[in-house]
Amino acid sequence: MSDQSNDRIIDQTWGQRLSHSFDPYSIHEIRRAAATGLYRIRGYGAKRVLPTFDDLVFLGASISRYPLEGYREACDTSVTLGTRFAKKPIELKIPITIAGMSFGSLSANAKESLGRGATEVGTSTTTGDGGMTQEERGHSKTLVYQYLPSRYGMNPDDLRRADAIEVVVGQGAKPGGGGMLLGQKITERVAKMRTLPQGIDQRSACRHPDWTGPDDLAIKIQELREITAWEKPIYIKIGAARPYYDTLLAVKAGADVVVVDGMQGATAATQECFIEHVGIPTLAAVKEAVRALKGIDMHRRVQLIVSGGIRSGADVAKALAMGADAVAIGTAALVALGDQDPALEAEYEKLGTRAGAYEDWQAGDDPAGITTQRPELMARLDPEKAGRRLANYLRVLTLELQTLARANGKSHVHNLEPADLRALTIEAAAMAGVPLAGTDWVPGQGGF
Amino acid sequence: MATPSTATPENIVSLDLADQSLREVNGALQEARAGYYRVRNPRGVHALACGLDGPIEVEIDGHAGYYLAGMNKEARVTVQGSAGVGVAENMMSGEVWVQGDASQSAGATAHGGLLVVEGNASARCGISLKGADIVVKGSVGHMSCFMAQAGRLVVLGDAGDSLGDSLYEARLYVRGNVKSLGADCVEKPMRDEHLKELDELLARARCEGVSASEFRRYGSARSLYNFKTDNIGFY
């Protein structure tokens, strides 16, 4: 959606205007490409305007629906993941998990902070495209081990000491793209964990090396279960490309849990065109994944985790009302640790950016010590303090979630339902499959 | 590591997939830390003998399906037939011997140990190899050692298209023809240290009558290690 200010008349004689098509950003990008011959690689998620959970509201209680007392009547937030096949499902106290982020893209201190914060409130963290570190395993009571196309650092011992396994097919920032870690972040330790030369630009594979398609994936999952004695829940993570079909196929392949990551999901590094132009918004992806699960009577039997742009307890509540069992947060967790801190404004300015816009997560210069491998920057992040900040933030999300659930009369957050929601825009009504506020109309489903 | 010669009919533990479930067979093998095991009636079952964790000997009495001996540690697994996709995938150590042919992605991402294929291996043999050694006595298919990071691939026969595409530090030795080399893979001179390591590998894989001097060596030109827009033709 274009900035309407481009219509502004900039001279009074001829009424010259800026172009909508060739807006200042487009012109900047053309000029930069012409000058450097390089496409833009950056971190963070989609920055463009998209339909989001903000376009939905809860109805709240009324004469026909009575609310629960805040602070007095209990509102349960616990969730069990992996009830379908795993002998040891995961029990979490809150339905908000930490998404997969690699050691390499993040500093060891950042990984430890995530583990500390998540463990304090009874939820899980997830490894990433760089293997499992002791910092993370040691400080995470519940740790999900990602099984990625690159298989960097993959080994059966870590597989067995994980609490769950997440087979990564794709991620929201770049469905169809592999991991990327530029040379400046490939330190000796990162290189060793990934069996790569130090300092090279590492571009991970985008497809798994030993399976293709859903039938192979079913066999791969069988192998992972055999290696771990059928104990660990197996998640399948997909980028929001075709979430309806991918969810069906993930269930068919034997997933205990499906993770759907919408296009607002961030990455440490990929092409800007990938981040902004591939995949569908989280709002649309949740509806499609839930529709798939309900269509085969697997909703709640295979758990659904939704991620991509979750910021507040309201986002969590809306995702759950649409049918998710839990959510995962990545960017929000990094902000809680200290990313985008206005107190670092002077340093952001030196990097040519500002707090809130900082996106060069690939560059390894993060003044907050999070997306870096430089020891002097990493040392700025105190894992105990940062972990506490994350725990605080997760508690607030949980309290907000409970507030909204109680307002809708729910004694468990999983009792939130689509009927509690209305959409503020036609786009959101169509994507989320809930009626436009003030009507019974769901675009494509009638009721107008 | 135990060797087959130590086994006598009295101390062979027999497992039979006609009577036992895959979970029972794998469970017995995964818990074992010593001994010689024979698995009868494999019938091409998938994920057989995966996740082994000790210096045991396993003989598979027939053909195996996908991911035979996946993530193997220390065990020596011999299949008296052919193996499906991803045999010895992500092997950490030990040995896997395929008496017949191997399907695609043989030895994918393997970190250590030795995989020997007496017959041919299909496409993507040694894909993303991370330190293991693979010896194929027949030929390998296209895209073998794609993005291979470390370890060695030895091919006594021919290699298909795009050998070693986007190769990192793995070393490839081919005795026969290479149909084509992948992006950034080049032929390199055979120096003394290469002849020596190849002779050792040939001996370990029991390639009698084959000399290291018959092979050519291929490796990474390392020109794609850091992104350069001038390399656009490769991307």
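Filter the range A:141-162 down to residues that are touching a residue at least 40 places away in the same chain (Cβ under 8 Å) and in a loop (DSSP other than H, G, I, E, B) and give me whichever is surrounded by the most Cβ atoms within 10 Å (Cβ to Cβ).
Within the range A:141-162, the first condition is being touching a residue at least 40 places away in the same chain (Cβ under 8 Å), and the residues that meet it are A:142, A:144, A:146-153, A:156, A:159-160, A:162.
Next cut, in a loop (DSSP other than H, G, I, E, B) only: A:148-153, A:162.
Details: A:148: 27, A:149: 23, A:150: 30, A:151: 27, A:152: 26, A:153: 23, A:162: 23.
Going through the qualifying residues, I end up with A:150.
Tell me which strands (runs of 3 or more DSSP E) are completely within the range A:1-87 and hold 3 or more residues being within 23 Å of residue A:330 (Cβ to Cβ), or say none if there are none.
Correct list: A:41-44, A:79-81.
Could you please let me know if residue B:70 is in a strand (DSSP E or B) and closer than 19 Å to residue A:147 by Cα? Spell out the reasoning first.
On the way: in a strand (DSSP E or B): no; closer than 19 Å to residue A:147 by Cα: yes.
Taking the combined requirement at face value, the residue does not satisfy it.
Could you tell me which of the residues A:213, A:138, A:178, A:183 is in contact with a strand residue (DSSP E or B) (Cβ under 7 Å, 6 or more places away or on another chain) and either surrounded by fewer than 19 Cβ atoms within 10 Å (Cβ to Cβ) or not basic (Lys, Arg) (or both)? Explain how you work it out, then say what you get.
Working: A:213 fails: in contact with a strand residue (DSSP E or B) (Cβ under 7 Å, 6 or more places away or on another chain); A:138 fails: in contact with a strand residue (DSSP E or B) (Cβ under 7 Å, 6 or more places away or on another chain); A:183 fails: in contact with a strand residue (DSSP E or B) (Cβ under 7 Å, 6 or more places away or on another chain).
Result: A:178 is the single residue among A:213, A:138, A:178, A:183 that is in contact with a strand residue (DSSP E or B) (Cβ under 7 Å, 6 or more places away or on another chain) and either surrounded by fewer than 19 Cβ atoms within 10 Å (Cβ to Cβ) or not basic (Lys, Arg) (or both).
I'd like to check something: does the range A:205-223 contain any residue that is touching a Cys at 6+ places or on another chain (Cβ under 6 Å) and not in a loop (DSSP other than H, G, I, E, B)? Please lay out each step first, then the result.
Pass one, the range A:205-223, residues touching a Cys at 6+ places or on another chain (Cβ under 6 Å): A:223.
Remaining after also requiring not in a loop (DSSP other than H, G, I, E, B): A:223.
Yes, some residue in the range A:205-223 is touching a Cys at 6+ places or on another chain (Cβ under 6 Å) and not in a loop (DSSP other than H, G, I, E, B).
Kindly check whether there is at least one residue in the range B:70-80 that is out of contact with any strand residue (DSSP E or B) (no Cβ under 6 Å at 6 or more places or on another chain), surrounded by fewer than 22 Cβ atoms within 10 Å (Cβ to Cβ) and closer than 18 Å to residue A:156 by Cβ.
yes
Going through the range A:229-248 one residue at a time, which ones are among the hydrophobic types (A, V, I, L, M, F, W, C) and either outside the structural domain of residue A:145 (by TED's automatic domain parsing) or not in a helix (DSSP H, G or I) (or both)? Walk me through how you get there before you give the answer.
In the first step, residues of the range A:229-248 are kept if they are among the hydrophobic types (A, V, I, L, M, F, W, C); the result is A:229-230, A:234, A:236, A:238, A:240-241, A:248.
Those that are among the hydrophobic types (A, V, I, L, M, F, W, C) and either outside the structural domain of residue A:145 (by TED's automatic domain parsing) or not in a helix (DSSP H, G or I) (or both): A:229, A:230, A:234, A:236, A:238, A:240, A:241.
In the range B:120-151, what count of residues is obtained for those that are away from chain A (no Cβ under 12 Å), within 23 Å of residue A:192 (Cα to Cα) and among the charged types (D, E, K, R)?
So the answer is 1.
Can residue A:165 be described as more than 23 Å from residue A:377 (Cβ to Cβ), in a strand (DSSP E or B), touching a residue at least 60 places away in the same chain (Cβ under 8 Å) and in contact with a Leu (Cβ under 7 Å, 6 or more places away or on another chain)? Spell out how you get there, then give the answer.
Values: more than 23 Å from residue A:377 (Cβ to Cβ): yes; in a strand (DSSP E or B): yes; touching a residue at least 60 places away in the same chain (Cβ under 8 Å): yes; in contact with a Leu (Cβ under 7 Å, 6 or more places away or on another chain): yes.
For residue A:165, the condition - more than 23 Å from residue A:377 (Cβ to Cβ), in a strand (DSSP E or B), touching a residue at least 60 places away in the same chain (Cβ under 8 Å) and in contact with a Leu (Cβ under 7 Å, 6 or more places away or on another chain) - is met.
Taking the range B:152-170 as the search range and keeping residues that are surrounded by fewer than 24 Cβ atoms within 10 Å (Cβ to Cβ) and within 14 Å of another protein chain (Cβ to nearest Cβ), which one is nearest to residue B:195 (Cα to Cα)?
Filtering first and then ranking leaves B:152.
Among A:73, A:29, A:91, A:69, which is the only one that is of a type outside the set (Phe, Trp, Tyr) and out of contact with any Lys or Arg (no Cβ under 8 Å at 6 or more places or on another chain)? Spell out how you get there, then give the answer.
Values: A:73 fails: out of contact with any Lys or Arg (no Cβ under 8 Å at 6 or more places or on another chain); A:29 fails: out of contact with any Lys or Arg (no Cβ under 8 Å at 6 or more places or on another chain); A:69 fails: out of contact with any Lys or Arg (no Cβ under 8 Å at 6 or more places or on another chain).
Answer to the check: A:91.
Can you confirm whether the range B:49-57 contains a residue that is surrounded by fewer than 22 Cβ atoms within 10 Å (Cβ to Cβ), away from chain A (no Cβ under 14 Å), modelled with pLDDT of 95 or more and farther than 21 Å from residue A:212 by Cβ? First the steps, then the outcome.
Of all residues in the range B:49-57, those surrounded by fewer than 22 Cβ atoms within 10 Å (Cβ to Cβ) come to B:53-55.
Subset that is away from chain A (no Cβ under 14 Å): B:55.
So of that shortlist, the ones also modelled with pLDDT of 95 or more come out as B:55.
Cutting the leftovers down to farther than 21 Å from residue A:212 by Cβ gives us B:55.
There is at least one residue in the range B:49-57 that is surrounded by fewer than 22 Cβ atoms within 10 Å (Cβ to Cβ), away from chain A (no Cβ under 14 Å), modelled with pLDDT of 95 or more and farther than 21 Å from residue A:212 by Cβ.
Can we say residue A:254 is within 13 Å of another protein chain (Cβ to nearest Cβ), crowded, with 18+ Cβ neighbours inside 10 Å and in contact with a Lys or Arg (Cβ under 7 Å, 6 or more places away or on another chain)? Even if it seems obvious, please write down each step before you answer.
On the way: within 13 Å of another protein chain (Cβ to nearest Cβ): yes; crowded, with 18+ Cβ neighbours inside 10 Å: yes; in contact with a Lys or Arg (Cβ under 7 Å, 6 or more places away or on another chain): no.
Criteria not met by residue A:254.
Checking residue A:419 against (1) over 25 Å from residue A:52 (Cα atoms); (2) over 23 Å from the mean Cα position of the chain (by Cα); (3) among the aliphatic types (A, V, I, L, M), which test does it fail?
Unmet condition: (1).
Residue check, residue A:83 against (1) of a type in the set (Ser, Thr, Tyr); (2) closer than 24 Å to residue A:416 by Cα; (3) without any contact (Cβ under 8 Å) to a residue 24 or more places away in the chain, all met but one. Which one?
(3)
For the range A:240-279, what are the residues that are hydroxyl-bearing (Ser, Thr, Tyr) and under 17 Å from the mean Cα position of the chain (by Cα)? Explain how you work it out, then say what you get.
Looking only at the range A:240-279, we keep the residues that are hydroxyl-bearing (Ser, Thr, Tyr), and these are A:244-245, A:247, A:267, A:270.
If the condition is that a residue be hydroxyl-bearing (Ser, Thr, Tyr) and under 17 Å from the mean Cα position of the chain (by Cα), then A:247, A:267, A:270 are the ones that fit.
Examine the range A:34-56 for a residue that is away from every other protein chain (no Cβ under 14 Å) and surrounded by fewer than 10 Cβ atoms within 10 Å (Cβ to Cβ), and state whether such a residue exists.
yes
Quick one: in the range A:109-135, of everything that is of a type outside the set (Val, Ile, Thr) and in a loop (DSSP other than H, G, I, E, B), which residue is surrounded by the fewest Cβ atoms within 10 Å (Cβ to Cβ)?
A:122
Scan the range A:218-251 for residues that are of a type outside the set (A, V, I, L, M, F, W, C), in contact (Cβ under 8 Å) with a residue 40 or more places away in the chain and within 14 Å of another protein chain (Cβ to nearest Cβ) and jot them down.
Within the range A:218-251, A:220, A:225, A:228, A:231, A:232 qualify.
Is there a residue being charged (D, E, K, R), touching an Asp or Glu at 6+ places or on another chain (Cβ under 6 Å) and part of a loop (DSSP other than H, G, I, E, B) anywhere in the range B:17-32? Even if it seems obvious, please write down each step before you answer.
Quick first cut of the range B:17-32, residues charged (D, E, K, R) only: B:19, B:23-24, B:31.
Adding the requirement that they be touching an Asp or Glu at 6+ places or on another chain (Cβ under 6 Å) leaves none.
For the range B:17-32, residues charged (D, E, K, R), touching an Asp or Glu at 6+ places or on another chain (Cβ under 6 Å) and part of a loop (DSSP other than H, G, I, E, B): absent.
The values are calculated or read from the model by the stated rules, or taken from the named source; none is laboratory data. Nothing here was measured: the structure is a model prediction, and the numbers come from that model. Cβ atoms come from the backbone with ideal geometry, glycine included; neighbour counts cover every protein chain shown.
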